[in-house]
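Inspection log for the structure reproduced underneath, given as C-alpha cells.
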Amino acid sequence: MSNNVSAHGMWSSRWVFILAATGSAVGIGNIWKFPYVAGENGGGAFVLVYLACIALIGIPVMMSEIMIGRHGRQSPINTMLAVARDSGRSSLWSLIGWMGVVAGFLILSYYSVIAGWAMAYIPYSMSGMFTDASPEAIGNIFNNLVGNVWLLLMWHTIFMGVVIFVIARGVQNGLEKAVKLLMPALFILLFAMVVYAAFATGQFAAGLKFLFTPDFGKLFYPDGTNFSGQGVLTAMGLAFFSLSIGMGAIMMYGAYLPKGASVSSTAITIAGADSLVAILAGMAIFPIVFANGLSPGQGPGLVFQTLPIAFGQMPGGAFWGALFFLLLVFAAWTSAFSLLEPVVAWLVENRGMKRSVTAFLCGGATWLLGLLTVFSFNIWADVRPLGFLTDTVFAGQTFFDFIDYVTQNVMLPIGGLFIVMFAAWFIARGIRDEELDVTNEPLMFNIWLFLVRYVAPVGIILVTLNAIGLFA
Ligand code: PHE
C-alpha cells in the first residue's frame, strides 16, 4: 500500500488532526476524572507528578504513536505488522495493537456509562432542578441517578448509539465535523467557570493551594502511616488515559495524518491543550468544594455534585449548566470515537466487513460490557469480584473500579512501554528519521530519542515496581 494515504480516508490538514486528536484526548477524563482522582490523592503532589508524567513520558509516547501510525497508515494491529515488517522485526509486535483493542473495549464500556451521567444532567439543568438547591439536595439528585438502573441504561444506550452512528459514517464525514466547533466552545465555557470560581466562591485561594501546593506526605502516606506507591502509579496512568495514549487511539489517528506535518509540535500542542483543560477543571471545581464544606476526596460523583451548586446560584445558571454538560457530552463523544475506531478499522481491513455493520457489532458488544459498570453503582454496588485477593488493591473494587484500574494503571502503561521500546530500539532508522524529520528538527529529535530510550521506559518500570511495593 502507498504510504501517503490511508484506505479509510485522511484528515484534510494538520490542523484537523490536532483538533481530532485533542478531541480524543480531552474528554470526561479531564473534567470528571482528573479532579476527583487528584482530590482522592491529596492534590498538589499528585498534580505535579501527573504533569511530569505528561511531559517526560506522555509526549514521547504520543510522538512515537503518531510516527508509527503515519508510516503504517492502517489500524494499530496492521500498522504494527507493517512497520515491524518494514523494519525487519517480528510480527509479534502487532500484539501492541491487540492489547489496545482490548483496552479500548474495556475503557469505552464504562466511559459510555459515565458520559451518560453527563447527558442526564442536561435536562436536569434545564428543568431548573439545581436552582438554589442545597449541596445535600444536589448530592441526592446524583445518588438517585446512579441508583436507578433503568435511567443509567437509557443514557448509556443513547450515548453508544451516537458513537456507533458516527463511526459508521467514517473519518471525514463523521469525526471531522464533530470536533471543529465543539472543542473551542468547551474550552471557553470552562474558562468562564474558572472566572466564576475566582469571583463568586470566596475560596479560590484555597482551591489553588490544594491543587498547586505539593505535599508529598499525602501522596505517599495516604493514611498517615503506611507507605503506598499507588498514588504515583495512578498519576502516571491518568496521564496515559488523559492523553489517549498506550492503546493505539493516537496511532490510529496518526494513520490519517498528512505527510509533512511536524510530529513534535503537533504532540506538544495536543498535550498542552489536554493538561490545560484538566487544570482548568480543577480550578473551577475545588473552590466550590471548599466553599460548600464538601470533601475533595468524595470520588466519582465530585463534578456532578459541585458544579451544579455553582450553576444553581449564578444568573442564567439553568442555561449555562445545560450548555456545559452538553459540551462535556460532546467532548466525551470525540474521545469515544477514538476508542472504537481502531477495532472497526481493523475489521474493515481484514475481514472486508462493511463499516456500518462493524461499528454496530463492536458498539453493541461494548454496550453489553458496559452493563457491568451500570450495575456497579446500584444492584451490584456491594459485589467485590476480586474480594478474595485480600490485602491487594483489588479486594475492595467493584466491577467498575476494577475495569478502570486495570485499563488505566496496567494496560495503558504496558502498551506505552512497548510502543516506546519499539520506537527507540526496533523501528528502522530510515522510518524514524523521516517521520520525525531529523534533518529539519534535530534538537527535538534528540530530546525525543533520549526520552524514549531512557526516561520513559525506566520511569514506567520504576513507577510500577514502586506501586507493587518493591521499594517500600
Ligand atoms: N483521553 C480520553 C479522556 O480523557 C479518554 C481516552 C482514553 C480516549 C484512551 C481514548 C483512549 O477522556
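Read-outs: derived from the displayed coordinates by stated rules, not from any lab. These numbers come from a predicted model, not from an experiment. Here Cβ is always computed from backbone atoms with ideal geometry, including for glycine, and neighbour counts include all displayed protein chains.
Tabulated data
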quantity	calculated
Point-to-point label distance, ASN226-ASP132, nm (Cα→Cβ direction, 7 Å offset)	4.8 nm
Stokes-Einstein D in µm²/s, Kirkwood radius over Cα pairs - region 362-444 at 4 °C with 1.567 mPa s viscosity	80 µm²/s
Stokes-Einstein translational diffusion, the chain - Kirkwood Rh over all Cα pairs, 0.692 mPa s, 37 °C, in µm²/s	147 µm²/s
Region 348-386-region 408-472 distance, computed between alpha-carbon centres (Å)	31 Å
Shape call, region 64-104: gyration tensor on alpha carbons, a/c limit 1.5	oblate
Packing-based ranking, highest mean first, of 52-58, 328-334 given that Cβ atoms within 10 Å are counted	328-334, 52-58
Theoretical FRET efficiency, 1/(1+(r/R0)^6), r = Cβ-Cβ of SER262 and SER91, R0 35 Å, to 0.05	0.70
Spacing of the two label points (7 Å from each Cα toward its C-beta) at LYS209 and ALA395, in nm	3.6 nm
Approximate shape of region 118-245 as ellipsoid semi-axes (Cα gyration tensor, √5λ), whole Å, largest first	31, 24, 20
At most 11 other Cβ within 10 Å, DSSP loop - chymotrypsin sites (Phe, Trp or Tyr not before Pro), region 365-472	PHE388, PHE471
Positive-pole candidate from GLY299, ASN143, LEU233, dipole of the chain, charges at beta carbon	LEU233
Peptides ranked, highest mean first, by Cβ atoms within 10 Å: ranges 201-210, 18-27	18-27, 201-210
Relative contact order (%) - the chain, alpha-carbon pairs under 8 angstrom, separation at least six	35 percent
Pairs of lysines in the chain (C-alpha under 28 Å apart; 8 or more residues apart or interchain)	10
